[in-house]
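Engineer: I'd like to ask you about the structure that follows.
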Amino acid sequence: GGSFPGCEYLTLDWFSPVWVLTSFKDVSDTDLNRWHDALHSRWSQLLTDRKDDEQLNWVYQCRATSPPTTKLMSGEVPSQHIVTEMGNQYLVHVMRGQNHGLFLDMSYGRAWLQQHAQNWKVLNLFSYTCAFSISALAGGAKEVVNVDMSKGALKIGQKNHDLNKFSDAGVARFLGHNIFKSWGKIKKMGPYDAVVVDPPSYQKGSFVAEKDYIKLIRRLPTLLLPGGYVLLCLNAPELDSQFLQSQVTEAAPELQFVKRLDNPPSFPVADPEKALKVLLYQLPMQ
């Protein structure tokens, strides 16, 4: 998040029990060795404090290359890698792709939904691996409709639901559809108490936030029950929160702004407008 001078191009994420260090520029072997020593030193200190002997596991990914290069630098990665958040379990995959199955900085958005979803029907657009669906069902939602073009991501989402044993919870549905070509079906399955909109900022041939987000926003009032909520999410450093707010004012003025959700303190940023934006809106009661 640009908070540490000289390290603006690096991120360090904890997918227990593995650290993932990501660089957005090419680095030398000397840098990698230096970072390994720093991680090992800090890890040893933490283990001393915890009186533990767990090994250091860390993965390095360079996103300056296309495709990104990923390698295991120390220790090991579980063959079935499961992380836990708010009592919910999620499958992750840190050794392939640049998206690892769970966006850690979105944890407060999932927490908000879990705290409010009792008896709700929720629409989860661009659901990816359905983490919002897990949170909603854990919070007592009666139904969640997950929509994403990636059938592979939805399959992982189904595995996440199996992992959390929601057999006695609400119903989860999984639609492998292009959202822009499926409004009729999506609307027919509603109306919804909450809609989560968490698209990629840029995905060639699928979604470009600058021109496509407003198309989503325009549909939202017709999908919601009176009093229903919308979580609008955007993780594009070049687009600030005013971008989303102005689009809502233009395309869905009946939606009322409630607040911007905080990001977790473990994701410090020099400029909050370049970080993840999660804006909460509500359709007034009629």
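Engineer: Restricting to the stretch 244-260, give me the number of residues that are under 21 Å from GLY227 (Cβ atoms) and surrounded by fewer than 18 Cβ atoms within 10 Å (Cβ to Cβ).
Structural biologist: So the count comes out to 10.
Engineer: Another one. Which of the residues that make up the stretch 83-111 are farther than 28 Å from SER66 by Cβ and surrounded by fewer than 22 Cβ atoms within 10 Å (Cβ to Cβ)? Spell out how you get there, then give the answer.
Structural biologist: Residues of the stretch 83-111 that are farther than 28 Å from SER66 by Cβ, as a first pass: 84-89, 107-111.
Residues satisfying the conditions are THR84, GLU85, MET86, GLY87, ASN88, GLN89, SER107, TYR108, ALA111.
Engineer: A further question follows. Looking only at residues that are outside any loop (DSSP other than H, G, I, E, B) and open to solvent by 20 Å² or more (accessible area, probe 1.4 Å) in the stretch 273-286, which one is farthest from GLN203 (Cα to Cα)?
Structural biologist: Among them, the one singled out is GLN282.
Engineer: If you scan the stretch 196-214, which residues turn out to be of a type in the set (A, V, I, L, M, F, W, C), out of contact with any helix residue (DSSP H, G or I) (no Cβ under 6 Å at 6 or more places or on another chain) and open to solvent by less than 20 Å² (accessible area, probe 1.4 Å)?
Structural biologist: The answer is PHE207, ALA209.
Engineer: Pick out the one residue from VAL122, VAL144 that is open to solvent by less than 10 Å² (accessible area, probe 1.4 Å), touching a Lys or Arg at 6+ places or on another chain (Cβ under 8 Å) and not in a loop (DSSP other than H, G, I, E, B).
Structural biologist: Going through VAL122, VAL144 in turn, the sole match is VAL144.
Engineer: From ALA136, ALA131, which residue is buried (at least 24 other Cβ atoms within 10 Å of the Cβ) and either farther than 18 Å from VAL83 by Cβ or basic (Lys, Arg) (or both)?
Structural biologist: ALA136
Engineer: Let me ask another. Taking the stretch 215-243 only, how many residues are surrounded by 14 or more Cβ atoms within 10 Å (Cβ to Cβ) and either among the aromatic types (Phe, Trp, Tyr) or more than 15 Å from PHE126 (Cβ to Cβ) (or both)?
Structural biologist: 11
Engineer: Residues that are hydroxyl-bearing (Ser, Thr, Tyr): which strands (runs of 3 or more DSSP E) entirely in the stretch 1-102 hold 3 or more of them?
Structural biologist: Details: elements: 10-15, 18-23, 58-62, 69-74, 82-85, 88-91.
In the stretch 1-102, the matching strands (runs of 3 or more DSSP E) lie at 69-74.
Engineer: List every residue pair whose Cβ atoms lie under 9 Å apart, where the two residues are 6 or more positions apart in sequence or sit on different chains, the first residue falls within the stretch 21-46 and is more than 14 Å from ASN57 (Cβ to Cβ), and the second residue, located anywhere, is surrounded by 11 or more Cβ atoms within 10 Å (Cβ to Cβ) and among the acidic types (Asp, Glu).
Structural biologist: Note: pairs meeting the criteria are THR22/ASP13; SER23/ASP31; PHE24/GLU8.
Engineer: Is it the case that some residue within the stretch 170-178 is in contact with a helix residue (DSSP H, G or I) (Cβ under 6 Å, 6 or more places away or on another chain) and surrounded by fewer than 17 Cβ atoms within 10 Å (Cβ to Cβ)?
Structural biologist: yes
Engineer: Then there is this: So, in the stretch 102-149, how many residues would count as being closer than 16 Å to TYR90 by Cβ, among the small types (Gly, Ala, Ser) and touching a strand residue (DSSP E or B) at 6+ places or on another chain (Cβ under 9 Å)?
Structural biologist: 9
The values are calculated or read from the model by the stated rules, or taken from the named source; none is laboratory data. Not measured: the values here are computed from a predicted model. As a convention, Cβ positions derive from the backbone with ideal geometry for all residues, glycine included, and neighbour counts pool all protein chains shown. SASA here: full protein model, heavy atoms, side chains in, ligands and nucleic acids out. Shrake-Rupley method; radii C 1.70, N 1.55, O 1.52, S 1.80 Å.
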